[in-house]
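What follows is one structure encoded as structure tokens, with my remarks underneath.
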Amino acid sequence: MIPDNILNYFKNLDPVSVALGVGIGAILDYIVSLIFSPKGSGQINPGIDKSSAKVATMCPLKDIEDTVKKSDKGVVAYCRCWRSKKFPYCDGAHAAHNKKTGDNTGPLVIKK
């Protein structure tokens, strides 16, 4: 049960003051989010083939098998964080991305 003194407090609030307070709070929240949010944080892909409407890397299974066979360790890692300078192959760029954002992304690893 809500005490009477709290109910009386809400009954006496000026609706214009409440609306003004909520509006100012929303504006401040927006400004703070612009200042502290990383630029382009809504985008996953920061710069790979941005002129295309959609980036889709097609690799025939035979090519993947050949790449794994040519690898000295028998392992190939494909980038999933979109930050690799050797895209579509992983160059370990996800480590810095994960440290900066708290994410936990890693490569797609294919082995013999």
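Annotations for the structure displayed:
- Verdict on G106 being surrounded by 12 or more Cβ atoms within 10 Å (Cβ to Cβ) and in contact with a Lys or Arg (Cβ under 8 Å, 6 or more places away or on another chain): yes
- Complete set of residues in the stretch 53-98 that are surrounded by fewer than 16 Cβ atoms within 10 Å (Cβ to Cβ) and β-branched (V, I, T): V55, T57, I64, T67, V68, V75
- Residue within the stretch 95-109 that is closer than 26 Å to Q43 by Cα, in a helix (DSSP H, G or I) and touching an Asp or Glu at 6+ places or on another chain (Cβ under 8 Å) present: yes
Readers should treat all values here as calculations from the given coordinates under stated rules, not as data from a laboratory. Note that the structure is a prediction, hence the values are computed from the model and not measured. Glycine gets a Cβ as well: all are built from the backbone with ideal geometry, and neighbour counts include every protein chain shown.
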